[in-house]
């Protein structure tokens, strides 16, 4: 189809411009162009050309940064470059859709997170069903959250904050990084469980939330500890609790949601690399192996360590096994929230 | 001072120079945003020590910002929203045979504005950091609104037309998903609109297509001859630069203030600087028709944002825009976790980085100065061949924006709109700025209303007087301008 | 002969009015959380305000024009320019269709060659160097050096 179109407009414009010599020139160009494009893809082993990693967020986010480190080192083990393609929009749906609709040949992968995969289907009308559209290649790492308050406000314990808030519904300000993002979900879970009602002011990402908290525009917020570590160590914020089952090793004096009897299942952001569902098993295995070797690479470990990112990975089959259960759990959560 | 010693290694200078050179190249290709380039280059910088890697990135950043002015001036093709303010006068200067002057003014104004604001940043780190936190949602909303109003009243036509264009910009920006709730809005079920109207294809359509049309009108097969070559013209004279001095100072001041507030951005600075320069100029009618002062105003403001923008990043770990967000990643990867302790723990390194910024300005000046005569000569190429190259660059820019070939349809749509608006004498600047700022404006207004809960007016008056002050001053100016316009008409 | 300013105003007012009318259907209503809405600002507010603004300002502008009169306005494009516009639009549309199937390099080679020929360039040497060379060069720099994705044929 494309070729016909191509020929059509070249001939058309040369005729339009009214001189026949143009047709000859045009055909020469066409011939050059077609000749150039005649490269056949060799079929003796996957991958034989670069693999595209679609990131459904905009430049500069944590996915982008993680991906840059991965794509820097993984070609050693994959044998081909891995190219990042940013397709931001609609909370990640645009990029996810692009991958869902792409050829399941292993050359197009999605680098998203669990909330896009397991939570979004229950809150938005998606043009794809993540469970049937994608299969896992590798889970890169994850992040859990803590609840923090500005040091200038008087809250010293989570219980104190909660009881204060329960008495005044809608008054506490909870800045979050956007609807159904990681911090919003944590807040929503807390609200559903305790009956707390807060004023959820949206911000564009975790950094503006931190700014708002420091400026006194928020009462409490949720974020991965790594993101607030520097302001915590500087004494500008207080960590009231960690949204995990047990206490964090780096914060032994901070109580966990688990011991406080608060919900923490699902309060996690897992970064996952996925492929379209129809991708053949052997190709997925090749990709998985490349990641496995990547994770043993010393320079990769060093770089990720410098970024402060965790490396608790999960292999393809393992993660695929837990996805449906997680999705159901999020579905129940959402049903409870959207009454 | 150890910081100076750290920076004065020849390797740093080499790293910065390479960064600047690549940055100019990257910025010169429309659609290849500096953010993308920095993100790509980032991992390479990890393998060298921070005092080489970071200055390299800074050089790339600075080079990129200047690089974006080149296609804006020479072929009216914007690389980013901020370059649009330069397009208002750049191509006109090229047509008048002053292309080289335009490029040099852009360079000198950029470097001056950047250096001045870097020095200010060095001296005022602490107060800047405190100021960064002062602007919450209500102040943001007020400033953004003020910027749009300023651009309306600084237009070449009546403010009414400017207001119409601004409203069009806002309406177009609302198509897609609403920023607060992510619900679909005005998409009528069409997939192509689901992500909203793409900015760069729109800009390239509005500005580059009419320019392409102009070249087409001069084509050989129509007029029967090759059009006379456009002379790149003489270089900028010291006198011309001096005359723009006050404008550059004003723009630098404006840009620095805007730079302190995370998330404000270069377009606001560029357009506001331009608008204020026009208001203050003894020759306002030149603006929009090839005014060197206009270029100086936009470029100085644009670049003055860079230095202060690093402050919230370094002291609080809060990036001001996409590029600084990536730089944040670079800092982190080199073991420098920005935050309140960064200055205490790694003071000399921070100082060294700020000095590297000054160094990169210097090197940018040197490198670009050498490149400009060659680059300016490019437009003297036969338009019959220049036009296809512009086509290639424009189409590429459109595609690179979000890897979507259907964005070419937007190129066509806005090409027609651009031609029509131009012929009907409707200014594009208010529409473009309103379009760019609408999302932030709506977001800030939404946040403000949430924060205010019940009484918006009370909240603003009692808790956020700053916002009220800004709104009142801008309304005052607008009213005064509107009345004086009316008086001059009757 | 309709002058461009009028044409623009009419186009714009029609668009605004249509949007205003369609607004209730065209905007997704936000989901409530725990029975109340999260955002105070409704998604329909900004578009409605903008559309209203267009209508109001356009009417005032129209009144002002008919009262003050406007200096000579050129009519809409001489014939030659119209042809140029059609060619550009056509090239854009065709490029959009063939980008993904033919790939970046081919599409741009053909489009730029078509434009060059339309402009009157006849020399095959120039055509190959400029129209074949430029997209190829950009393609290699972007995909190999910068590892940015550009569509390839197929």
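Listed from fewest to most Cβ neighbours within 10 Å, the set B:444, A:150 follows the order A:150, B:444.
Using the Cβ-Cβ distance between residue B:477 and residue A:171 with R0 = 35 Å, the FRET efficiency computed as 1/(1 + (r/R0)^6) comes to roughly 0.40.
Decide, for the stretch C:1-68, between rounded, prolate and oblate: order the square roots of the alpha carbon gyration tensor eigenvalues as a ≥ b ≥ c, take rounded if a/c falls under 1.5, and otherwise choose prolate if a/b is larger than b/c, else oblate.
It comes out prolate by the Cα gyration axes.
Mind checking the angle between helix C:79-102 and chain C's longest principal axis? C-alpha axes, 0 to 90 degrees, to the nearest 10. Relative to chain C, helix C:79-102 is tipped by roughly 80 degrees.
Helix-derived [θ] at 222 nm for chain C: sum -39500 (n - 2.57) over DSSP H runs of at least 4, divide by residue count, nearest 500? Show your work: numbers first, answer last.
On the way: 5 runs with 95 residues, N = 154.
Result for chain C: -21000 deg cm²/dmol, rounded to the nearest 500.
Computed per residue of chain B from DSSP H runs no shorter than four, each worth -39500 (n - 2.57), the mean residue ellipticity at 222 nm is -24000 deg cm²/dmol. Relative to the longest principal axis of the Cα atoms of chain C, helix C:45-68 runs at roughly 90 degrees. Residue ranges A:212-222, B:233-243, A:129-139, A:296-306 sort as A:212-222, A:129-139, A:296-306, B:233-243 when ordered by packing (mean number of other C-beta atoms within 10 Å per residue, highest first). The C-alpha atoms of chain C define a longest principal axis, and helix C:104-119 lies at about 90 degrees to it.
Counting only other chains, and only Cβ atoms inside 10 Å, what mean value do you get across the residues of B:399-411? Walk me through the numbers before you get to the answer.
Working: counts 9, 5, 0, 9, 11, 7, 10, 4, 2, 10, 6, 2, 6.
Per residue, the average neighbour count from other chains is 6.
Shielding of peptide B:55-67 by partners, expressed as the average count of other chain Cβ atoms within 10 Å per residue Cβ, is 0. Report, for the protein assembly as shown, the % of DSSP beta bridges that are antiparallel, rounded to 5. Antiparallel bridges: around 70 percent, rounded to the nearest 5. The overall shape of the stretch C:79-145 is oblate: from the C-alpha gyration tensor, with semi-axes ordered a ≥ b ≥ c, the ratio a/c is 1.5 or greater and a/b is no larger than b/c. By definition, a body whose alpha carbon gyration tensor gives a ≥ b ≥ c is oblate when a/c is 1.5 or more and a/b is not larger than b/c, and chain C fits this oblate description.
Give the average, rounded to an integer, of partner chain Cβ atoms located within 10 angstrom of each Cβ in B:437-445. Walk me through the numbers on the way to the answer.
Values: counts 0, 3, 2, 1, 1, 5, 5, 0, 4.
The shielding value for this peptide is 2.
Centroid-to-centroid, using Cα positions, the stretch B:49-97 and the stretch B:360-409 are 10 Å apart. For the peptides B:426-437, B:294-305, the ranking by mean Cβ contacts within 10 Å, running from highest to lowest, is B:294-305, B:426-437.
If you take every DSSP beta bridge whose two residues both sit in the stretch A:144-260, what share of them, in percent to the nearest 5, is antiparallel? Each step should come with its number before you reach the end.
Numbers: 10 of 15 bridges.
Counting DSSP beta bridges with both partners in the stretch A:144-260, the antiparallel share is about 65 percent.
Based on the mean of other Cβ atoms within 10 Å per residue, sort peptides C:37-47, A:267-277 so the most packed one is first.
Numbers: C:37-47: 20.4, A:267-277: 22.0.
Averaged packing, sorted descending, gives the order A:267-277, C:37-47.
No lab work stands behind these numbers, since they all come straight from the coordinates. This one's a predicted model, so the numbers in the text were calculated from it and none came from an experiment. Please note: Cβ atoms are built from the backbone with ideal geometry, for glycine as well, and neighbour counts cover all protein chains shown.
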